[in-house]
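*Asks:* I have a structure I would like to understand better, so I am pasting it below and will then ask my questions one at a time.
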Number of protein chains: 2
Amino acid sequence: MPDRTGAAPRQRTRIKRVPDRGHYDAATIHAVLDAGYVCHVGFGDGDQPIVIPTAYWREGEHLYIHGSTKSRMMMTLAGGAPACVTVTLLDGLVLARSAFHHSMNYRSVVAFGRFEAVADEAKLAALEAFVERLTPGRWAEIRSPNKQEFKATMVLRMPLTEASAKIRRGPPKDDAEDMALHVWAGELPFAAGFLPPLPDPQQTADIPLPGYLRAATSR
Amino acid sequence: MPDRTGAAPRQRTRIKRVPDRGHYDAATIHAVLDAGYVCHVGFGDGDQPIVIPTAYWREGEHLYIHGSTKSRMMMTLAGGAPACVTVTLLDGLVLARSAFHHSMNYRSVVAFGRFEAVADEAKLAALEAFVERLTPGRWAEIRSPNKQEFKATMVLRMPLTEASAKIRRGPPKDDAEDMALHVWAGELPFAAGFLPPLPDPQQTADIPLPGYLRAATSR
């Protein structure tokens, strides 16, 4: 099973700073990825690293992205360039009694690897999985890609074999001698989510709000 | 004024995909940076790009980060390695009538450059600016870094001379021939913010909630 998530926590995947925040099991890595919507993809242009945000989704042991066949990033990645994909969810500020122990609560995943192009035969199913992940039931309602749109869209996937999660949660960890300081300490939680849908101003009035959008905003 | 933000939209800074979403003026770039809390820093380890999330703040024409003097990232960046810093704020899903025109609303900044170490004489003021940005008034209340903590903390800054913003907002842009399709179209807004503070369970009851935390959660 060379593709199993977290199967290969090699040297470069091992968390070095604050190692007790590191996780290498598939369940933890998948849970972080499945809670996010935007990843940051790192690739190189000569010795210049480039970091581009893009939508992603996970299916099994792979992380998927899509984009234009004309995109520099997509072309570079499709060519097998070494990549790093990072997903970060901010959960709060950690306010300690000392400046030094201030921190953030967060969940992140860093995955190293190379992307491969998803073949034409599997591309439509991959795009369907992407739409269904965000809005379950929507794929059947919308117009499918026509031949030209299909050709213009590239789907890439990277195996999650070299991935790690890093998570901090909970209150500050102050030094014992600071615990009596008269300063408020604790967490300032940070949360993100969907708000009620905004219909397109050009939409006709007879189209009801689909059930999956009612569900999305009550999460 | 070699340091003016957006002064040098060179070839690598120019937005290539959907160029009408690109912005190069300081006001737009600063506004995106000032609305975020976590950036993604790209640097290289040989031909392997590495993307690490970290807290950041902006002062004038520079983006600042801090970290341990033992961190690989901080050491690499302090050595003047080419870097790319990206900040992304997700504002919503854009649900079009066709699969192809689905999109996301977002604000992002990509900045290229090299970091430089902030000298010891300026380091404490920089850390103060960081804390004050998040929680105005808190620096005077907390214990300042002692000599050992001060030495263990590195502050780096990168000039924002090669930066661009990319912004998408508003409803979907469907093809004219799809406008009559009977499918809900519009935006599913996405928002992030602070929730009410959680006191440290070890905190004594006589410490009131500071005003800057009441303000933070009512933003």
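*Asks:* Evaluate the stretch B:210-218: report whether one residue or more is facing chain A (nearest Cβ under 7 Å), part of a loop (DSSP other than H, G, I, E, B) and closer than 26 Å to B:Y106 by Cβ.
*Replies:* no
*Asks:* Sticking with this structure for a sec: Out of the stretch A:46-102, which residues are in contact (Cβ under 8 Å) with a residue 60 or more places away in the chain, under 24 Å from B:Q48 (Cα atoms), assigned to a strand (DSSP E or B) and more than 7 Å from chain B (Cβ to nearest Cβ)?
*Replies:* Once the filter is applied, which keeps residues that are in contact (Cβ under 8 Å) with a residue 60 or more places away in the chain, under 24 Å from B:Q48 (Cα atoms), assigned to a strand (DSSP E or B) and more than 7 Å from chain B (Cβ to nearest Cβ), the stretch A:46-102 yields A:W57, A:R58, A:H62, A:L63, A:Y64, A:I65, A:H66, A:G67, A:V85, A:L89.
*Asks:* Between a residue in the stretch A:155-177 that is of a type in the set (S, T, Y) and any residue that is crowded, with 23+ Cβ neighbours inside 10 Å and outside any strand (DSSP E or B), which pairs come within a Cβ distance under 8 Å, given they are 6 or more apart or on different chains?
*Replies:* What qualifies is A:T161/A:T5; A:S164/A:I29.
*Asks:* Residues that are facing chain B (nearest Cβ under 7 Å) and assigned to a helix (DSSP H, G or I): does the stretch A:196-206 have at least one?
*Replies:* No, the stretch A:196-206 contains no residue that is facing chain B (nearest Cβ under 7 Å) and assigned to a helix (DSSP H, G or I).
*Asks:* Output the residues belonging to the stretch A:147-173 that are of a type outside the set (V, I, T), part of a loop (DSSP other than H, G, I, E, B) and more than 8 Å from chain B (Cβ to nearest Cβ).
*Replies:* Residues satisfying the conditions are A:L160, A:R169, A:G170, A:K173.
*Asks:* Select from the stretch B:174-192 the residues that are within 18 Å of A:L198 (Cβ to Cβ) and either buried (at least 20 other Cβ atoms within 10 Å of the Cβ) or not hydrophobic (A, V, I, L, M, F, W, C) (or both) and write down the one among them that is farthest from the other protein chains (Cβ to nearest Cβ).
*Replies:* Filtering the stretch B:174-192 down to residues within 18 Å of A:L198 (Cβ to Cβ) leaves B:174, B:179, B:183-192.
Subsequent filtering for residues that are either buried (at least 20 other Cβ atoms within 10 Å of the Cβ) or not hydrophobic (A, V, I, L, M, F, W, C) (or both) retains B:174, B:184-190.
Values: B:D174: 8, B:W184: 5, B:A185: 4, B:G186: 4, B:E187: 4, B:L188: 5, B:P189: 4, B:F190: 6 Å.
Looking at residues that are within 18 Å of A:L198 (Cβ to Cβ) and either buried (at least 20 other Cβ atoms within 10 Å of the Cβ) or not hydrophobic (A, V, I, L, M, F, W, C) (or both), I get B:D174.
*Asks:* Same structure, new question: If we scan the stretch A:204-217, do we find a residue that is under 26 Å from A:L63 (Cα atoms), out of contact with any Pro (no Cβ under 7 Å at 6 or more places or on another chain) and at pLDDT below 95?
*Replies:* yes
*Asks:* Just wondering, is there one or more residues in the stretch A:120-127 that are in contact (Cβ under 8 Å) with a residue 40 or more places away in the chain, at positive phi and surrounded by 15 or more Cβ atoms within 10 Å (Cβ to Cβ)?
*Replies:* Within the stretch A:120-127, not a single residue is in contact (Cβ under 8 Å) with a residue 40 or more places away in the chain, at positive phi and surrounded by 15 or more Cβ atoms within 10 Å (Cβ to Cβ).
*Asks:* From the set of residues in the stretch B:113-127 that are over 19 Å from B:E162 (Cα atoms) and assigned to a loop (DSSP other than H, G, I, E, B), which is nearest to the chain's Cα centre (by Cα)? Steps first, please.
*Replies:* Step one: list which residues in the stretch B:113-127 are over 19 Å from B:E162 (Cα atoms), which gives B:118-127.
This time we only want the ones that are assigned to a loop (DSSP other than H, G, I, E, B), so: B:118-119.
Values: B:V118: 19, B:A119: 23 Å.
Per the stated criteria, the residue is B:V118.
*Asks:* Could you say whether any residue in the stretch A:133-140 is buried (at least 17 other Cβ atoms within 10 Å of the Cβ) and either of a type in the set (A, V, I, L, M) or modelled with pLDDT under 95 (or both)?
*Replies:* Looking for residues that are buried (at least 17 other Cβ atoms within 10 Å of the Cβ) and either of a type in the set (A, V, I, L, M) or modelled with pLDDT under 95 (or both), one finds at least one in the stretch A:133-140, hence yes.
*Asks:* Is it the case, given these coordinates, that B:G137 is within 22 Å of B:C84 (Cα to Cα) and either without any contact (Cβ under 8 Å) to a residue 60 or more places away in the chain or part of a loop (DSSP other than H, G, I, E, B) (or both)?
*Replies:* So B:G137 does not fit the description; no.
*Asks:* Inside the stretch A:1-14, can you point out the residues that are at pLDDT 80 or above and surrounded by fewer than 17 Cβ atoms within 10 Å (Cβ to Cβ)? Working first, answer last.
*Replies:* Of all residues in the stretch A:1-14, those at pLDDT 80 or above come to A:13-14.
Within the stretch A:1-14, just A:R14 meets the criteria.
The values are calculated or read from the model by the stated rules, or taken from the named source; none is laboratory data. Given the structure is predicted, the values throughout are model-derived calculations rather than measurements. Here the Cβ is made from the backbone with ideal geometry for all residues, glycine too, and neighbour counts use every protein chain on show.
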